[in-house]
1. Just the residues that are under 22 Å from residue 72 (Cβ atoms) and over 16 Å from the mean Cα position of the chain (by Cα), please, taken from segment 45-56.
2. In segment 121-155, which residues are surrounded by fewer than 15 Cβ atoms within 10 Å (Cβ to Cβ) and assigned to a loop (DSSP other than H, G, I, E, B)?
3. So residue 115 fits all but one of (1) part of a strand (DSSP E or B); (2) out of contact with any helix residue (DSSP H, G or I) (no Cβ under 7 Å at 6 or more places or on another chain); what number is the exception?
4. If residue 52 satisfies all but one of (1) surrounded by 15 or more Cβ atoms within 10 Å (Cβ to Cβ); (2) over 24 Å from residue 153 (Cα atoms), what's the number of the condition it fails?
5. How many of the residues in segment 57-83 are without any contact (Cβ under 8 Å) to a residue 60 or more places away in the chain, over 22 Å from residue 167 (Cα atoms) and under 13 Å from the mean Cα position of the chain (by Cα)?
6. Assuming residue 86 fulfils every condition listed in (1) in contact (Cβ under 8 Å) with a residue 12 or more places away in the chain; (2) on the phi > 0 side of the Ramachandran plot apart from one, which condition is it?
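Every read-out reported here was derived from the displayed coordinates using simple, explicitly stated rules and does not represent laboratory data. Bear in mind that the values here come from a model prediction, so they are computed numbers and not experimental data. Positions of Cβ are generated from backbone atoms using ideal geometry, with glycine treated the same way; all protein chains shown enter the neighbour counts.
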């Protein structure tokens, strides 16, 4: 599996994956990664121009909101974060290619986003995740996120309904 490009082995001391700031010219990679992840779930479809046009310039999109975006080399993983106000930050666009799951890449991505938010004063991390993404729910819960509040209905082509998760990262 390609995951060995980043990691030496499960029982050995593992190397950290190569993360870098996401760039607008990563757009094709972001679209391919998210499209592949969504395709794992019946009914999830991607309409880039109609529903997620920000994918064409995602680094600028998050920078314009005071946030940041990271990518694993080869665009096999990605995550973004942005401030919401009052010490809350949102974790966004968290995706890891199927062949790279379970080897620590998702942990490295989420830790990068949370650390960035904490440095900028985050006390609380929030995220929304599709109700179909059960593996993601287990991952977030293992990382200390707690499902809260009502569902969010997006009224998109995928008929997405999302759970809301929250995690205290500093202070309270």
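1. Keep residues of segment 45-56 that are under 22 Å from residue 72 (Cβ atoms), which gives 46, 48, 52, 54-56.
Correct list: 46, 48, 56.
2. 121, 131, 144, 154, 155
3. (1)
4. Only one criterion is unmet by residue 52, namely (2).
5. Here the count works out to 3.
6. Going through the list (1) in contact (Cβ under 8 Å) with a residue 12 or more places away in the chain; (2) on the phi > 0 side of the Ramachandran plot, residue 86 breaks only (1).
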